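Values in this text are rule-based calculations from the coordinates and carry no lab data. As the structure is a computational prediction, the values presented were derived from the model and not from experiment. Every residue, glycine as well, gets a Cβ built from its backbone with ideal geometry; the counts of neighbours run over all protein chains shown.
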Amino acid sequence: MRTLLAAVSLFGALCCASVLIYARSGTSDAYHSGRSASSTEHAASVPAPKIACGNGSKSVFYGIAGHLEHRGVYRMSDYDLQISQLRDLGVTMYAQDVSSEESAHRVADFARAAAKQCIGVLALVTPFEPEKRANEQETFERGYALGKTAGRLLKGLVTYYQVGNEYDNWTILGSDRSGEHPQDYDNAMFMKARGSILGLIKGIRETNPDAKILLTSFSWLHYGFTDMLYAGTQPDGTHGHPIPHWDITAWHWYSNMGSITAAGDKKVNVLERLRDSYGKPIWITEYGVRPTHADPAGYLIGKDALKGFVSLAKTYNIQNVTLYELYDDQRYGGDGNYGVIHDDGKTRKSRFNTVRDFIKANPMP
């Protein structure tokens, strides 16, 4: 989320060496050569995913993001309070950052408590500042170490793992680039991002083979990045690079971006592009309304957010939509006042009730 703000202000050669490095590190099973599916292959028709709930199960469609690893309101509010607020809102998934062993323990503790109340967790596993590492090999190693830790500590508690967060926004060459094309990205930065993704996936799957992997979330028209990962290419035009295997395509969408099915001057249907290009289910792991929006509650249940996602879910295999976020956190150094609850952790905004009522009226499988 933090990097997204800068990236959308306007909406915003080492190929052989990298392959050899991964091979020497014993990571060849983390990638393969060539495209993993045809460009027109759609995700197979399978039952909507569920989480366990007592003797039954519940849908994972509605979620919300939080930041247990941050200080401030998320530490002031105990787990029982947060779980009760999630249940009142009607969501069943709580997205949480995991950037260290300490935060993995914290998320594991929460997941144990939440499971008893039919709340699941989406782990957003992201190493600290991969863009500042020396090269692709270092980001791979750091990603691998964190992935192993997260997979080990969260095994049996968390099924869904997003590997990285908005890596497109620190690899893109500027806010004047649409992000649709490989040349929109810095080659060296893209390689660092790829290394981190490959390392995270390998580490998580090594310690938690049943994990479902969401590719690092992108936003706006930044599928040029995803295209390169999917094809084993990079911005310098070279081919034959490691290709990550992922299970679910993750995307972010905010109120200043307009319609996700008619985005930008070209009126791009982003959901159609993602479905047809990668053939995987789609999770909107952040959707939200900018704090300056005139009608935040109306936006959140409108055609460009919840109403639209629900109506399009079957067409584009949208399995989850995660609202950003539970609490306002600007006062504590967070992203801003995007919450459905004020930063005292208790006082609900009117949008809380609006979203709650929408979810109640629109149950999803």
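Quick look at the values:
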| read-out | value |
| --- | --- |
| Assigned charges on the beta-carbon of Lys, Arg, Asp, Glu; the chain dipole about Cα centre (debye) | 920 |
| Gain on full stretching of the segment that runs from Gln183 to His245 - 0.36 nm per residue minus C-alpha separation | 20.0 nm |
| Flagged links, alpha-carbon separation over 18 Å, of Lys148/Lys212; Lys307/Lys360; Lys116/Lys314; Lys280/Lys307; Lys50/Lys349; Lys50/Lys202 | Lys116/Lys314; Lys280/Lys307; Lys50/Lys349; Lys50/Lys202 |
| Peptides ranked, highest mean first, by Cβ atoms within 10 Å: ranges 229-236, 210-217 | 210-217, 229-236 |
| Length added when fully stretched, Ser175-Arg356, from 0.36 nm per residue minus Cα-Cα | 61.7 nm |
| Positive-end extreme of charge dipole, the chain - chosen from Leu146, Gly56, Gln85 (charges on Cβ) | Gly56 |
| Estimated FRET transfer efficiency (Asp265, Lys346; beta-carbon r; R0 35 Å; 0.05) | 0.20 |
| Mean ellipticity per residue at 222 nm, deg cm²/dmol - from DSSP H runs of n ≥ 4 across the chain, formula -39500 (n - 2.57) | -11000 deg cm²/dmol |
| Packing-based order for 251-263, 315-327, 78-90, using average beta carbon neighbours within 10 Å, highest first | 315-327, 251-263, 78-90 |
